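See below for the structure under consideration.
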Amino acid sequence: MASQPTTPSFDAAKLIETHQTGIWRYLRSLGCEGHEAEDLTQDTFLKVLQKPFEDYEPVATAAYLRRVAHNLFIDFCRRHGRRIVTEEIEQLDAQWNQWVKDDSGTELLEDLAVCFQKLTPRAQQALRLRYDDKKTRLEIAEILEIGEHGAKNLMQRAKQQLKACIERKQKTDTPNTVTPNSTTHNTEE
Amino acid sequence: MSDKPDPIFDLFLEELLSEQTPPDLSARILAAHQQKTAPKAQPPKVATIANGVAIAVAASNSDPCDSNTKVVSARTKARKARRNRFAISMSLSLVLFLAIGGLSYWGVTNFVIPGDQPIADNDPQKDPQKDPQKDPQKDPQNPIETNQDEQFVQVNPDVSPIETNQVTPDTRVPKETTQVSSNNTKPAVVQATLAVAKNQPSATLIQSDEQVIQEINTLIAAAWNESDIQPAKAATEEEWCRRTYLRLLGRIPTVDELKKYTSRRPKDKQTWLVDKILSDKTYTEEFASYWGARWANVLVGRAGGMQKDSPIDRESLEQYLASHFAKNTPYNYVVQELLTATGSTTPDAKDFNPATNFLVSMLDDKATLATSKACEVFLGQRLQCIQCHNHPSNDWQQNRFWQLNAFFRQSDSKKNLDSKGYRIADHDFSGEGGDANSTNSKRANPNGAEVYFEELNGRVQVAYPRFVDNTEIPRSGKLSEVNRREQLASLITTSNLLPKATVNRVWQHFLGIGFTVPVDDMGPHNPPSHPELLNNLADHFAASGYDFKRLMKWITLSKAYGLSSQAPADQFANHPELNYPQASGQLFARYYSRQMEAEQLFHSLTMVAKSSNKPLNIIADARDRQQWLGQFARKMGDDEASEDTSFNGSISQSLEMMNGQLMYKATNKKNGVLQGVISSKMNPAEKVDHLFLAALSRHPSKKEKKAIQQILQKRQHELDLSLQDIWWALLNSNEFILDH
């Protein structure tokens, strides 16, 4: 059925406010540029809001929205002749479920900030050069006066330490283990 | 250790370390959702502001591509008309063939010319005002000889072309076909024009500025009375000051400039400000820079010269125009230079001529683009459609286009072999049927250098240079006998259409809508809203020696320009912009609000990002400006040099406004206005007041003050950040981007 009005059982503004950041980040992690992610985030909500929809539970809704975003992303790649690596996307979904939880990544970002402070100054500098200053591995190596391979190892180790730190923090915090219910909420499907 | 990419971690690390935050898309998505679900019959591109005044947000009223809809519509009509005409012409041809075969035979014997001659002569049968073939003394096969007996345009060098141009077109007796004689040097009419143009004191305007302004007010008021419409109240002095800076200098006023204006005594303060901007040396460079860029948009479009492979050196063109605006060179002289320019576009070439940048991209194989653009810009007439068929809604015929086109056929534009630039050169033109390189006189066309075009019925016609007022020039294509572009320039600069087209365009710049919509499509099919005013102003402009600054002064000091943008509650009739681009019913009973042009927004943001109060330091770097503007304009790549703009409330514009680099600079605590406010000793309320003046040229209302006070109280310990947020919100408000 073509666009029907949404059921009054949920608030569209609230839905967008709650999930837009998560969807935008998810699309960015799929490989979209910032502006592409914004457009696809918009398309995701427009698509979902076109059809009857019931917002039962935030985690399940987030998973459903990601699935729609995922499909739109695949369409987008096909239209623009980009290569789609399905395996990587599935792997990414699994990682997303593991790390991001149901708060669109707010907790992960906070944990990451705490854990980042625990890194050595040299590792912090390397990551800053990479992610803030957008330096290449070779440029980082020159600044830090180490080899290119050394710079790569330094950053990989730093990221491993960050992951381990976050894992420890997530275990000590109250786990939120609700499994995303990917069964659709779309009453039409 | 795994070297696999880790997109989730990479993303969050990037966000954390570069202090990025995900965008808030709620408003955008909801708006898009509402638009999708709302009924479709809403007027396009119309926003509503709080006071209930509907505002058209068309990007630039002057942009020719703004009226694409109209052009497309015209094309559709033309196609239908073409089919109808074809069917009718076929039937008529059959009947005529059977009924008056003898007459057809006579026609063929008279039209067919041996050798390379065209199948039929161009248009005498279409020109009801002059038909040389009906003159028994004239030999149809040798029009040059026969035309020598016709009345020539006698140009007396002692008489100013401006003086000869004082008769308004509507009162003129339809001009018979006239012919300008050729000579071995510059034609007399060209010499006369150049002499007048270079000699500025030759202006013959008798009326004072005050009298012209009074005349404008009287004629505008007469239209209000006829329509029984009450004009809006006068704009506040802050509103008037803001719009005047925007329209004359392309930016909003600084707080100092605003206070200086408002603190003056009421008497003649508007005249004082206009004179100051137009004449004071402190503003000369800024004024010239803005108008140079503005007029470059008119000549080559906003996207012209923006691409790397473009033959146009936009910077040179803008500088060239700016130098003329700075000197207030008579406009007819500039037009003359632009139309006759030869030489290279490359600044380091020996024969560098920046004026060549106007035509350099348009003198292609048949120079059709040069023809249509020159007519649009200087005559205010759109002739593209009659390139292929007769005009669908007036009596302009196809030959009109090709007769004008013939003026450009002695010129071409080629890429320099030794440099990156292009060069315009004139050369002998032997006609499309002749041999351009032949020195054999037998192969040369004795009737002159012709241009062929094909009518819809497949019949090939021929055209020779003839101006829109039917003035002919010698048909020879030899440069030694006649320089066609110089002849055209002289005809245009002495035509009454040039001042009319210019006045209409400048009026549209200041008032939002021209006397015709669009401004470059004047003609019997699109009569002006105030014909008498347009004619009178055009006459005054020509008589003033094509003085641009005086024209600007007349318009900015008129009553219509000084009205509020808010219509009285009971005035529903005076919203012509709601129907844009098919606006009609413009009575100028209020100031028509519109979105700032991209240039104005750029200059305004650049100004508030710079800390100096000295106007000279406010001028933005031309390359920065071009780079910033380039993101909003692109060529459509069609044969009409149309452009598309995304500076019309698009996503890219919104993003640029919300978090673009320029906005970042403008709202940086270490830059410009915000830095000055934060580091000042003013109390918080005064600081907020200053920010309002800087962005909106007004003080905050009571309601706004109350809301801001609440924000400041909640964030007492971070006053700087609060001010930064307020400043960002002001610059992103509808009111800021509107010229109202």
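The values are calculated or read from the model by the stated rules, or taken from the named source; none is laboratory data. All figures in this text were calculated on a predicted structure; none of them were measured in a lab. Quick reminder, even Gly has a Cβ in these numbers, built from the backbone with ideal geometry, and neighbours come from all protein chains shown.
Any residue in the stretch A:153-162 that is among the aliphatic types (A, V, I, L, M), more than 14 Å from B:Leu16 (Cβ to Cβ), within 12 Å of another protein chain (Cβ to nearest Cβ) and surrounded by 16 or more Cβ atoms within 10 Å (Cβ to Cβ)?
In the first step, residues of the stretch A:153-162 are kept if they are among the aliphatic types (A, V, I, L, M); the result is A:154-155, A:158, A:162.
Filter once more, so that each one left must be more than 14 Å from B:Leu16 (Cβ to Cβ): A:154-155.
Checking the rest, the ones that are also within 12 Å of another protein chain (Cβ to nearest Cβ) come to A:154-155.
Now drop any that are not surrounded by 16 or more Cβ atoms within 10 Å (Cβ to Cβ), which leaves A:154-155.
So far as the stretch A:153-162 goes, yes, one or more of its residues are among the aliphatic types (A, V, I, L, M), more than 14 Å from B:Leu16 (Cβ to Cβ), within 12 Å of another protein chain (Cβ to nearest Cβ) and surrounded by 16 or more Cβ atoms within 10 Å (Cβ to Cβ).
Counting residues that are of a type in the set (Asp, Glu) and closer than 27 Å to B:Pro330 by Cβ, which helices (runs of 4 or more DSSP H) fully inside the stretch B:199-296 reach at least 3? Step through it out loud before you land on a result.
Working: elements: B:209-227, B:237-249, B:255-262, B:269-279.
Of the helices (runs of 4 or more DSSP H) lying wholly inside the stretch B:199-296, those with at least 3 residues that are of a type in the set (Asp, Glu) and closer than 27 Å to B:Pro330 by Cβ span B:209-227.
Can you give me the number of residues within the stretch B:320-349 that are assigned to a helix (DSSP H, G or I) and touching a Gly at 6+ places or on another chain (Cβ under 7 Å)? Working first, answer last.
Taking the stretch B:320-349 and keeping what is assigned to a helix (DSSP H, G or I), we get B:320-327, B:331-340.
Applying the additional criterion that residues be touching a Gly at 6+ places or on another chain (Cβ under 7 Å) yields B:321-322, B:325.
Matching residues across the stretch B:320-349 total 3.
From the residues in the stretch B:11-26 that are closer than 27 Å to A:Ala12 by Cβ and polar (S, T, N, Q), which one is modelled with the highest pLDDT? Spell out how you get there, then give the answer.
Taking the stretch B:11-26 as the starting set, the residues that turn out to be closer than 27 Å to A:Ala12 by Cβ are B:11, B:15, B:20-26.
Those still in the list that are polar (S, T, N, Q) too: B:20-21, B:26.
Numbers: B:Gln20: 74, B:Thr21: 79, B:Ser26: 85.
Checked the stretch B:11-26; the qualifying residue modelled with the highest pLDDT is B:Ser26.
Quick one: how many residues across the stretch B:681-704 are surrounded by 15 or more Cβ atoms within 10 Å (Cβ to Cβ) and more than 26 Å from B:Thr244 (Cβ to Cβ)?
2
Let me confirm something: among A:Ala69, A:Ala37, A:Ala126, A:Ala113, which residue is in the same structural domain as A:Gln160 (by TED's automatic domain parsing) and buried (at least 22 other Cβ atoms within 10 Å of the Cβ)? Walk me through how you get there before you give the answer.
Working: A:Ala69 fails: in the same structural domain as A:Gln160 (by TED's automatic domain parsing); A:Ala37 fails: in the same structural domain as A:Gln160 (by TED's automatic domain parsing); A:Ala113 fails: buried (at least 22 other Cβ atoms within 10 Å of the Cβ).
Among A:Ala69, A:Ala37, A:Ala126, A:Ala113, only A:Ala126 is in the same structural domain as A:Gln160 (by TED's automatic domain parsing) and buried (at least 22 other Cβ atoms within 10 Å of the Cβ).
Pairs under 7 Å by beta carbon, first residue more than 7 Å from chain A (Cβ to nearest Cβ) in the stretch B:14-28, partner surrounded by 14 or more Cβ atoms within 10 Å (Cβ to Cβ), six or more apart or different chains?
Close Cβ pairs satisfying both conditions: B:Gln20/B:Glu14.
Taking only pairs six or more apart or across chains, which ones have beta-carbon atoms under 6 Å, a first residue in the stretch B:267-296 that is hydroxyl-bearing (Ser, Thr, Tyr), and a second residue that is surrounded by 15 or more Cβ atoms within 10 Å (Cβ to Cβ)?
Cβ pairs passing all conditions: B:Thr282/B:Pro615; B:Tyr283/B:Ile277; B:Tyr283/B:Pro615; B:Thr284/B:Ala326; B:Ser289/B:Ala322; B:Ser289/B:Ile619; B:Tyr290/B:Leu249; B:Tyr290/B:Gly250.
Tell me the residue from B:Ser419, B:Ser393 that is in contact with a Ser or Thr (Cβ under 7 Å, 6 or more places away or on another chain), modelled with pLDDT under 85 and surrounded by fewer than 23 Cβ atoms within 10 Å (Cβ to Cβ), please.
On the way: B:Ser393 fails: in contact with a Ser or Thr (Cβ under 7 Å, 6 or more places away or on another chain).
Just a single option satisfies the conditions, and that option is B:Ser419.
Within the stretch B:516-534, which residues are under 14 Å from B:Leu497 (Cα atoms), part of a loop (DSSP other than H, G, I, E, B) and not β-branched (Val, Ile, Thr)?
B:Asp520, B:Asp521, B:Met522, B:Pro524, B:Pro527, B:Pro528
Please go through the stretch B:396-416 and give me each residue that is within 19 Å of B:Glu472 (Cα to Cα), of a type outside the set (S, T, N, Q) and surrounded by fewer than 21 Cβ atoms within 10 Å (Cβ to Cβ), ordered by number.
If the condition is that a residue be within 19 Å of B:Glu472 (Cα to Cα), of a type outside the set (S, T, N, Q) and surrounded by fewer than 21 Cβ atoms within 10 Å (Cβ to Cβ), then B:Trp396 is the only one that fits.
What are the pairs with Cβ atoms under 6 angstrom where one residue, in the stretch B:519-538, is within 26 Å of B:Gln211 (Cα to Cα) and the other, located anywhere, is part of a loop (DSSP other than H, G, I, E, B)? Sequence gap at least six, or different chains.
B:Pro528/B:Phe515; B:Pro528/B:Thr516; B:Ser529/B:Phe515; B:Ser529/B:Gln586; B:His530/B:Phe515; B:Leu534/B:Phe515; B:Leu534/B:Pro528; B:Asn535/B:Thr168
Can you pull out the residues in the stretch B:467-495 that are touching an Asp or Glu at 6+ places or on another chain (Cβ under 8 Å) and under 16 Å from B:Ala538 (Cα atoms)?
Answer for the stretch B:467-495, where residues must be touching an Asp or Glu at 6+ places or on another chain (Cβ under 8 Å) and under 16 Å from B:Ala538 (Cα atoms): just B:Ser495.
Name the helices (runs of 4 or more DSSP H) wholly within the stretch A:12-120 that hold at least 1 residues that are more than 12 Å from chain B (Cβ to nearest Cβ) and at pLDDT below 85? Before the answer, list the steps.
Numbers: elements: A:12-30, A:34-50, A:58-79, A:86-99, A:106-117.
Helices (runs of 4 or more DSSP H) meeting the threshold: A:58-79, A:86-99.
Against the condition within 12 Å of chain B (Cβ to nearest Cβ) and either touching a helix residue (DSSP H, G or I) at 6+ places or on another chain (Cβ under 8 Å) or touching a residue at least 60 places away in the same chain (Cβ under 8 Å) (or both), how does A:Leu138 come out, does it pass?
No.
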